[in-house]
Amino acid sequence: MELLKKYLKPLLKDMSISFLMKALGALAVLLLPYLLAYVIDSIVPMKDVQLIVIYGVIMIVVSVTGWIFDIMANRLASRVARDATIHIRHDLFEKTIRLSCRKGDEFTIPSLESRLTSDTYNVHRMIGMIQRMGVRAPILLIGGMIITLIMEPVLAMVMLATLPFITYLVYSKATKGIPMFTKVQQAQDRMISVVRENAQGIRVIKALSKADHEKKRYEHVNMGLANEELKANTRMAAINPLMNLFMNLGLVGVILVGAWRVNGGLSETGKIIAFTNYFTIITNAMMSISRIFVMTSKGIASADRIEEVLKAQDEMEIITDDSPLNDKIVEFDHVSFSYLGIKDNVEDITFSLKKGQTLGIIGATGSGKSTILQLLMRFYDADTGVIRIHGRDIRSYDPKDLRQEYGIVMQNDFIFQDSVRENIAFGRPIDDELLDEATQIAQARPFIKSLTDEFDYKLNSKGTNLSGGQRQRIFLSRAFVNNPKILLLDDSSSALDYETDARLRKAINTHFAETAKVIVAQRVSSIMHADEILVLDQGKIVARGTHDELMQTSEIYASISDSQMGGALLE
Ligand SMILES: Nc1ncnc2c1ncn2[C@@H]1O[C@H](COP(=O)(O)OP(=O)(O)OP(=O)(O)O)[C@@H](O)[C@H]1O
C-alpha cells in the first residue's frame, strides 16, 4: 500500500476532483427513484399534466447531469491511473536496470519482466477501478440504505437483514484471494521464463529437434498457471452468485412484505416501486464493491511484488577510501568470491597490472575466468580480499564513473536492433573519426564497408544478420571506441580466423600501448605475449608466469599450448 500512497500523492488533486464528480453523479442516481415515487404517489393523483411534464423534465436533467459527471470522472480516473502507472513503470525499470547482479540473480529475469508488465498492469487496473467504483459504490450503497430507511423502515429492515452475510462473504473471500493471486503471478514468472528461453533458443531447439520436449515443458508451466488461476478465480467466482442469492432472497422478502403493507393501506405503490429501484441500486453497488475486492486482491498482490523490487537493498554501497593513488591500475589482493555463498567460484586471486601491461587468463571452462572480469566491473563484490583501481578500493568509486574507465567485450555480449553505428557508439558522443579508428583496430572496417549502408546498416536483435566473427568485431569496436584505460576482453576473438586474430593483437598492442589489458582466452596465441599469464583451475591460480616460464613449469599450460601449436605460430 505504501506504493500507492507514494505514487498517488502527487495526483491527489485530480483524484479529489474525480471523487467529487463521482459523488455528484451517484447522488443524481439516488435522487431519481425518490422523484419517481413522489410523482407517482403525489403528482399523478392531482391529474395536472403540466406539473407531470415539469417533473419529467427535472428527472431528465438530473439523469443527464449525473451521466455527464460520471463520464468526466471516469476520464479523469483513467488519466490518474495512467499517470501513476507511468511513474511506477519508470521507477521500476530504472531500479531493475540498476539492480546489483546478485539481486538480479535472486529475483530472476522472468520475474522482473512480469513485474514490469503484468504486475504494473494489475496495479493500473486497480487504481482505475478504485476511482471509478471506490466512491460511487459506497455512496450508492449507504445513500440507498439511508433513503430506504427513511422511506420504508420496515422494508429496509428486511433488506438489511441480508447485509451481514454479504459482508462476511466478501471479506473472507477477498482476504484469502491475495496470497492466491501472488501464486498466480509466480506461476506467470515460470511461464515467461520458458517462453523467453524458447524464443531465444529457437535455433538450438530446431537444430536438436527438441520441439516436442519444449512443447511438453511449455504445457507443464501453462497448466501450472492455469491451475493457479483456476484456484484463485474459483474462490473469487463464488462471491457474485452467492451475493445474488442473498440479494434475491432479500428482494423476495421485500416484495412480499411490501405487497402486504400496500394491501393493508400502510404504504403506497410509488414507494414500493422506488424501493425496488433502490434495491437494484444497492445490489449493483454491492456487486461493484465485491469486484473492487477481487481486483484489489490482485492489485495489492502485484503492488507488493513491485514494492519488493523498488525497496530491494542495493548492497553495492560506496565506501570511503582516501589511500594515495598509485601506478597499479588494477590490483586483486587475495580475492575470493562465491555466487551462491556455497563454494568459492574464485579463490585467493592476487595479481596487479600497471599502465600498458597485459594479463592473460586461461583455464578450463567454469574455472572462474569470466568471474574475475565480473568482479573487476563490480557487477559483484568480493567476499574476501580487496580489488583496487589506481590504488583505491573498487568500492570507493561510483560504479558509473568506474565503468567509464573500461572497454569490455563480454562472452555473451549483445547486439541491439539498431544501426552498426549505434551498436558501437551506444549512446556515447562518438564522432566518425573515432568510429573509424575503433573499427580499424577491431578489424571490422572491411566487412562494415561491404554492408549496404555501412555504418547505418540495421542489425537484427542479437545480430542474427551477422556472422559470429562479424559480431565479435562489432563488440571489439564498441570496447575500443572510448579509448579505455582498462581493456577487458573475454574470449573476444574465438570466432576470428587465426590471421585476423593475429592482426587484431598487433593493432591492440600498437593503439593501446598505455592501456592495462586483461585478456581471457581459450587460445594460447591470444595471450602468449602477455606480461603475465594466470592458469586457473576450479577458481584457483594453479600456475602463473610468462609464456616461456609456463611452458617450463605448468603441465596444463604446456599441453594446451602444444595442442594449439598451429595457431600459436601465427603472429
Ligand atoms: N550468475 C551465476 N550464478 C551462479 N553461479 C555462477 C554464475 N555465473 C557463473 N557461475 C559459476 O561460477 C563458475 C565460474 O564461472 P565462469 O563464468 O567464471 O567460468 P569461466 O572460466 O569463464 O568459464 P568459460 O570458459 O566456460 O566461460 C562456474 O562454475 C559457473 O557455473
Out of (1) closer than 30 Å to Asp401 by Cα; (2) within 16 Å of the ligand (Cβ to nearest atom), what's the single condition that is false for Glu532? (2)
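Given Thr276, Thr280, which one is among the polar types (S, T, N, Q), surrounded by fewer than 19 Cβ atoms within 10 Å (Cβ to Cβ), free of Cβ contacts under 8 Å to residues at least 24 places away in the same chain and part of a helix (DSSP H, G or I)? Talk me through it step by step, then tell me what you get.
Working: Thr276 fails: free of Cβ contacts under 8 Å to residues at least 24 places away in the same chain.
Criteria check complete, one pass: Thr280.
I need the full set of residues from region 322-337 which are among the aliphatic types (A, V, I, L, M) and under 36 Å from the mean Cα position of the chain (by Cα), in order please. Outline the logic, then answer.
The first filter runs over region 322-337 and keeps only residues among the aliphatic types (A, V, I, L, M), leaving 325, 329-330, 335.
Passing the criteria: Val330, Val335.
If a residue counts only when it is more than 29 Å from Arg428 (Cβ to Cβ) and out of contact with any Leu (no Cβ under 6 Å at 6 or more places or on another chain), which strands (runs of 3 or more DSSP E) contained entirely in region 302-417 have at least 2 such residues?
On the way: elements: 328-337, 346-354, 358-363, 384-389, 406-409.
The qualifying strands (runs of 3 or more DSSP E) are 328-337, 346-354, 384-389.
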Tell me, please, whether a residue that is surrounded by fewer than 17 Cβ atoms within 10 Å (Cβ to Cβ), more than 30 Å from Met1 (Cβ to Cβ) and among the hydroxyl-bearing types (Ser, Thr, Tyr) can be found in region 246-268. no
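Hey, which of the helices (runs of 4 or more DSSP H) in region 103-221, taking only ones fully inside, have at least 3 residues that are polar (S, T, N, Q)?
Details: elements: 109-114, 120-133, 136-151, 153-160, 163-200, 202-207.
Per the criteria, 120-133, 163-200.
Output the residue which, of all residues in region 506-529 that are within 15 Å of the ligand (Cβ to nearest atom) and either free of Cβ contacts under 8 Å to residues at least 40 places away in the same chain or surrounded by 22 or more Cβ atoms within 10 Å (Cβ to Cβ) (or both), is nearest to Leu353 (Cα to Cα).
Initial filter on region 506-529 (within 15 Å of the ligand (Cβ to nearest atom)): 518-524, 526-527.
With the extra rule that they be either free of Cβ contacts under 8 Å to residues at least 40 places away in the same chain or surrounded by 22 or more Cβ atoms within 10 Å (Cβ to Cβ) (or both), the set shrinks to 518-521, 524, 526-527.
Numbers: Val518: 9, Ile519: 12, Val520: 15, Ala521: 18, Val524: 20, Ser526: 18, Ile527: 15 Å.
This residue is Val518.
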Could you grab the pairs with beta carbons closer than 6 Å, sequence gap of 6+ or different chains, first residue in region 358-374 and on the phi > 0 side of the Ramachandran plot, second one near the ligand (Cβ under 6 Å from one of its atoms)? Gly363/Lys369; Gly368/Asn345
Would you confirm whether any residue within region 530-552 is over 24 Å from Asn423 (Cα atoms), among the hydroxyl-bearing types (Ser, Thr, Tyr) and at pLDDT below 90? no
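Conditions (1) within 30 Å of Asp436 (Cα to Cα); (2) modelled with pLDDT under 90; (3) not assigned by TED's automatic domain parsing to the domain that holds Gly104, marked per residue:
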| position | (1), (2), (3) |
| --- | --- |
| Asp393 | no, no, yes |
| Asp398 | no, yes, yes |
| Phe416 | yes, yes, yes |
| Val420 | yes, yes, yes |
I need a count of the residues in region 80-112 that are more than 28 Å from Asp398 (Cβ to Cβ) and charged (D, E, K, R). 2
Return the residues of region 363-396 that are more than 16 Å from the ligand (Cβ to nearest atom) and in contact with a helix residue (DSSP H, G or I) (Cβ under 9 Å, 6 or more places away or on another chain); say none if nothing qualifies. Val386, Arg388, Ile389, Ile394
Tyr557 fails exactly one of the following numbered conditions: (1) of a type outside the set (A, V, I, L, M); (2) within 16 Å of the ligand (Cβ to nearest atom); (3) farther than 27 Å from Asp333 by Cβ. What is the number of that condition? (3)
Long-range neighbours under 8 Å by Cβ, at least six apart or interchain, first residue modelled with pLDDT of 80 or more within region 155-171, second among the charged types (D, E, K, R): Leu155/Arg261
So His124, is it under 30 Å from Met21 (Cα atoms) and touching a Phe, Trp or Tyr at 6+ places or on another chain (Cβ under 8 Å): no
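Starting from residues that are surrounded by fewer than 18 Cβ atoms within 10 Å (Cβ to Cβ) and not hydrophobic (A, V, I, L, M, F, W, C), keep the ones in region 75-88 and report whichever is farthest from Glu308 (Cα to Cα).
Quick first cut of region 75-88, residues surrounded by fewer than 18 Cβ atoms within 10 Å (Cβ to Cβ) only: 75, 78-79, 82-83, 86-87.
Narrowing the set further to residues that are not hydrophobic (A, V, I, L, M, F, W, C) leaves 75, 78-79, 82-83, 87.
Numbers: Arg75: 31, Ser78: 26, Arg79: 26, Arg82: 21, Asp83: 21, His87: 16 Å.
Among those residues, the one meeting the criterion is Arg75.
Give the residue that is surrounded by the most Cβ atoms within 10 Å (Cβ to Cβ), with candidates limited to residues of region 485-501 that are among the aliphatic types (A, V, I, L, M) and within 17 Å of Leu359 (Cα to Cα).
Leu489
If I ask for residues that are more than 23 Å from Glu514 (Cα to Cα) and not acidic (Asp, Glu), which ones from region 371-399 would you list?
Our first condition is that a residue be more than 23 Å from Glu514 (Cα to Cα); within region 371-399, this holds for 371, 379-386, 395-396, 398.
Within region 371-399, Thr371, Phe379, Tyr380, Ala382, Thr384, Gly385, Val386, Arg395, Ser396 meet the criteria.
Could you identify the single residue in Ser290, Ser338 that is in contact (Cβ under 8 Å) with a residue 12 or more places away in the chain, touching a helix residue (DSSP H, G or I) at 6+ places or on another chain (Cβ under 8 Å), surrounded by 13 or more Cβ atoms within 10 Å (Cβ to Cβ) and not charged (D, E, K, R)? Lay out the reasoning, then the answer.
Values: Ser338 fails: touching a helix residue (DSSP H, G or I) at 6+ places or on another chain (Cβ under 8 Å).
Ser290 is the lone residue from the list that is in contact (Cβ under 8 Å) with a residue 12 or more places away in the chain, touching a helix residue (DSSP H, G or I) at 6+ places or on another chain (Cβ under 8 Å), surrounded by 13 or more Cβ atoms within 10 Å (Cβ to Cβ) and not charged (D, E, K, R).
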Out of the residues in region 445-493 that are within 16 Å of the ligand (Cβ to nearest atom) and of a type in the set (Asp, Glu), which is nearest to the chain's Cα centre (by Cα)? Asp490
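The values are calculated or read from the model by the stated rules, or taken from the named source; none is laboratory data. Please read all numbers here as calculations on a predicted model, not as lab measurements. Positions of Cβ are backbone-derived with ideal geometry, glycine not excepted, and every protein chain shown enters the neighbour counts.
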